[in-house]
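Inspection log for the structure reproduced underneath, given as structure tokens.
The values are calculated or read from the model by the stated rules, or taken from the named source; none is laboratory data. Treat the numbers as computed from the prediction; the structure is a model and nothing was measured. In this analysis, Cβ positions are derived from the backbone assuming ideal geometry, glycine residues included, and neighbour counts consider all displayed protein chains. The accessibility values were calculated without ligands, DNA or RNA, using every heavy atom of the protein model including side chains. Shrake-Rupley method; radii C 1.70, N 1.55, O 1.52, S 1.80 Å.
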Amino acid sequence: MEKNYGLEPPIPFSFKSFAGFIVIFIIWQGGALLGVHLIHALIPAARSGLPSLITLYLSFVFLILGVYIVTRYFYGIRFRAFLFEGKRPHYRKFATYFSLYLSALILYLLVDIAVHPQAFTLQFNPLPWLGVLLVTAPLILIQSAAEEILFRGYMYRMFRALRGGVFWSIFLTSLIFALVHGLNPEMLNYGIFGPLYYLQGAFFLGIVAYQTNGLAAPIGIHFATNIFNTSVWGYGSSALNNMGLQSMVYRHTLDMRFAFFGIFAIVISYSAFQFFKQKRNRL
């Protein structure tokens, strides 16, 4: 399959595309700030616990709105064409990558439990767990899709216009993603492995977007990651603690080095699979 993702419809790297990014950020953060304040004023209980997390996830609607406004009115690109490049939505691809990556994360968790059994506590309570999952899963999908639409959608296209576009698309979007996610106080507590964890994950998502010619697969992987971190396991020092989430197991302290190399093994396995798949297709 020819890897044309990000080329059509184009978003040239220019002052206009950079200004568009600023507009997206203003709409996202401004709308989120106003929305959160309004919800808190109308529903004081939304200031803490699970309602506060739901409010946070809902704020990502403004990120999608920002990308929609810029692509539609700066570039005249219909949002469906921007998301799917004129093709039909790849629901099967989304489901496949979600299922495979969630399975890989669960395998990583089982290995972690086998190596560090003393670090875990089983806390699975089926009914509350299912109730919270049913409420949060659609919102987590919105949050995951919104971030991919920005990073592997708008920004990926913007940098794809540069010479050597594939490299710059993956490298620059990954670097920015790692700076946004990996330099927060929680991740910095783990030293260099906190930012590197996010940089590695972002590289992986960029490569998957390129290899699969679209956003369906990276959204599936991003969604699987966030479902895993909110519903399958929790860990000490997580920013999501005290948010009313229900997880199956709890890790008292996160071993970020072990997590980094665990995800690294998944990335290497995927890369090897793609290498042998392309080699076989050339025969």
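Of note:
- Only DSSP H runs of four or more residues enter the estimate; each adds -39500 (n - 2.57), and after division by the residues of the chain the mean residue ellipticity at 222 nm equals -22500 deg cm²/dmol.
- Counted as membrane-span-like here are DSSP H helices of the chain whose alpha-carbon atoms extend 20 Å or more along the helix's own axis and whose Kyte-Doolittle mean is -0.5 or above; these are 15-42, 91-115, 126-148, 165-182, 193-212, 256-282.
- Projected label distance in nm at F74 and N281, using a 7 Å step from Cα toward the beta-carbon: 3.2
- In nm, spacing of pseudo-spin labels at L130 and L34 (7 Å Cα→C-beta vector): 4.1
- Amide N proximity, region 61-85 versus V23 label position 7 Å along Cα-to-Cβ, cut-off under 16 Å: 63-79, 82
- Three-way shape call for region 188-243 based on the alpha-carbon gyration tensor, with the a/c threshold at 1.5: oblate
- Cα-based shape type of region 229-282, given that a ≥ b ≥ c are square roots of the gyration tensor eigenvalues and the cut on a/c is 1.5: prolate
- In this structure E8 has an accessible area near 120 Å², from a 1.4 Å probe over the protein heavy atoms.
- Charged side chains reduced to their Cβ positions (Lys and Arg at +1, Asp and Glu at -1) give the chain a dipole of some 1000 debye around its Cα centre.
- Note on A114 and L100: the extension gain reaches 2.9 nm, defined as 0.36 nm multiplied by sequence separation minus the Cα-Cα distance.
- Signed unit charges on C-beta, dipole axis of the chain, positive-most listed residue I26, S14, A119: S14
- Positive end of the dipole of region 1-142 (Cβ unit charges, origin at the Cα centre): among V135, Y5, H40, the Cα lying farthest that way belongs to Y5.
- Directionally averaged projected area (the chain, Cα convex hull): 16.0 nm².
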